[in-house]
Amino acid sequence: MKLKRAWLVIFTMLTLAVLAFGVADGSWMRHVPAKDHDRKNPYEGQADAVAAGRLVFEDHCSKCHGENAEGTKKRPSLRSARVQQEATEGDLHWLLVNGNMARGMPSWSKLGDPQIWQAIRYVKSLGQ
Amino acid sequence: MHRYSWFLLVAVAASACCCAQERPYFVTYSHEMEEPGNLEIEMYNAVGKPLAGNRFIGTTTEFEYGAKAWWTTEFYLDGQVTWHDSTIFTGYRWENRFRPLLREHRINPVIYVEFENTSADKSLREVVGHDGRPDFLDSNAEARADKERELELKLILGSNFRGWNLSENFIAEKNLKNEPWEFGYALAASRPLRLAASAHKCTFCPEKFQAGVEMYGGLGDWHSFGTRLTSHYLGPAINWTSPNGFTLSFSPQFGLNDYSIPCLYRFGIQYEIEQIVNRFRRGE
């Protein structure tokens, strides 16, 4: 009886763990709160922000996402329709602040909001 | 073969230049983890002179690897030089940090677990229990006889808010011999001198500097908890990240009571190699 209960507890914990990591999978856009989704980039329309964002991208993002954001073997392209058309700049800001740690994307909150917004300006400029 | 390995490592380091955004802390941990796949090599030094003792330099070389976005593992090698005495290897440490909450919150906890095997250590990477000036007065030969095999646990709390980082560490350490738990704390705050990046490459732009303040000390042990008969330090800290990826850090720290070393000068150098395993796999 005790053995059965132990197995039940282990099974429940494993199921919860799988669910927890499943929720935190690549479908991150479903979890962005509405107020974050609607946020506007304070650097919108500033050409300097694209140039600055390119330097931030080169320093922190290019080794995983490729020098031209084309993606690498294990990390996604940032030129995809998902990033360029489906995701708002607010969505990308939320992703960069929170990361998608179960999938290997760290939080970049240490960069601070201005550099995050600048990097987003650069990434979005790739689709224009 | 040995010479070839060094050449390979230098070649990888040279080709993997990157600019880490490091906090200028020497003792306090922030909640920010190493990026997955990156290896950071760090060297930290503490120079001090206890009253009625010899001047020393405590050195730590660290190899910090981002195993996952939520898990960082780190291996340390410690040594020290004491004037009018000797230069010795003092031991090693292995630590792991885990981030249980996978999103950014107002306060972000990190669980830290470390095993250390040291003796005569003077790197002062933390202060716990009744650590203080008397520990630095024994000769190296005497101090080495006291082996410290310890388990150290930390609760790291960190917040990033409007460019500021605030970090608090609560430390519990247990010598695996029959000794009581010892406690300590570390607090720090820092901010880049400018938050936005420049639109052109530059060496001494304000955003390449981070400045802050750090305070840490002991909290006694299980039988005598408190801030008495232990040491406490406070000091400003600054670092600069060079365009080729090296980060240089400096902090003068001042003892806040008679039990502390009056003044410590800390300096460090860090270098991050991005995606090191993938580089070896690709043969870059």
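The values are calculated or read from the model by the stated rules, or taken from the named source; none is laboratory data. This structure is a prediction, so every number in the text was calculated from the model and none was measured. Please note: Cβ atoms are built from the backbone with ideal geometry, for glycine as well, and neighbour counts cover all protein chains shown.
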Selected residue (only one of B:Phe183, B:Phe246, B:Phe209 is closer than 30 Å to B:His105 by Cβ and within 14 Å of another protein chain (Cβ to nearest Cβ)): B:Phe209
Condition check for B:Tyr44: crowded, with 18+ Cβ neighbours inside 10 Å, more than 12 Å from chain A (Cβ to nearest Cβ) and in contact with a strand residue (DSSP E or B) (Cβ under 9 Å, 6 or more places away or on another chain): yes
Answer residue from the range B:217-242, given it is under 21 Å from B:Leu166 (Cβ atoms) and either in contact (Cβ under 8 Å) with a residue 40 or more places away in the chain or touching a Cys at 6+ places or on another chain (Cβ under 7 Å) (or both) and is surrounded by the fewest Cβ atoms within 10 Å (Cβ to Cβ) among those: B:Ile238
Flag if B:Lys174 is buried (at least 20 other Cβ atoms within 10 Å of the Cβ), at pLDDT 95 or above and within 20 Å of B:Gly217 (Cβ to Cβ): no
Options B:Asp131, B:Asp146; residue that is among the charged types (D, E, K, R), buried (at least 19 other Cβ atoms within 10 Å of the Cβ), in contact with a Ser or Thr (Cβ under 7 Å, 6 or more places away or on another chain) and closer than 26 Å to B:Thr90 by Cα: B:Asp131
Candidates B:Arg55, B:Arg103, B:Arg93, filtered to the one that is of a type in the set (Lys, Arg), over 14 Å from the mean Cα position of the chain (by Cα) and either more than 14 Å from every other protein chain (Cβ to nearest Cβ) or under 20 Å from B:Gly255 (Cβ atoms) (or both): B:Arg55
Among (1) farther than 20 Å from B:Tyr25 by Cα; (2) crowded, with 24+ Cβ neighbours inside 10 Å, the one test that B:Glu214 misses: (1)
Test for A:Lys63: is it within 9 Å of another protein chain (Cβ to nearest Cβ) and over 19 Å from B:Arg194 (Cβ atoms): yes
Looking only at the range A:86-109, and only at residues there that are part of a loop (DSSP other than H, G, I, E, B) and within 7 Å of another protein chain (Cβ to nearest Cβ), the one that is surrounded by the fewest Cβ atoms within 10 Å (Cβ to Cβ): A:Gly104
Among residues of the range A:96-128, those that are in contact with a helix residue (DSSP H, G or I) (Cβ under 6 Å, 6 or more places away or on another chain) and of a type in the set (A, V, I, L, M, F, W, C), counted: 7
Which listed residue is at pLDDT 95 or above, more than 19 Å from B:Lys154 (Cβ to Cβ) and of a type in the set (Ser, Thr, Tyr), from B:Thr230, B:Thr241: B:Thr241
Residues of the range A:36-67 classified as of a type in the set (S, T, N, Q) and either at pLDDT 95 or above or over 21 Å from B:Glu22 (Cβ atoms) (or both), total: 2
Qualifying residue in the range B:157-176 (condition: aromatic (Phe, Trp, Tyr), farther than 26 Å from B:Arg266 by Cα and at the interface with another protein chain (Cβ under 10 Å from one of its Cβ atoms)): yes
Residue selected from the range B:231-258 under the condition hydrophobic (A, V, I, L, M, F, W, C) and either out of contact with any strand residue (DSSP E or B) (no Cβ under 9 Å at 6 or more places or on another chain) or assigned to a strand (DSSP E or B) (or both), by the criterion nearest to B:Ala189 (Cα to Cα): B:Ala237
Members of the range B:205-218 that are in contact with a strand residue (DSSP E or B) (Cβ under 8 Å, 6 or more places away or on another chain) and of a type outside the set (S, T, N, Q): B:Pro206, B:Glu207, B:Lys208, B:Phe209, B:Ala211, B:Gly212, B:Val213, B:Glu214, B:Met215, B:Tyr216, B:Gly217, B:Gly218
Checking A:Arg54 against (1) touching a helix residue (DSSP H, G or I) at 6+ places or on another chain (Cβ under 9 Å); (2) part of a loop (DSSP other than H, G, I, E, B), the condition it does not meet: (2)
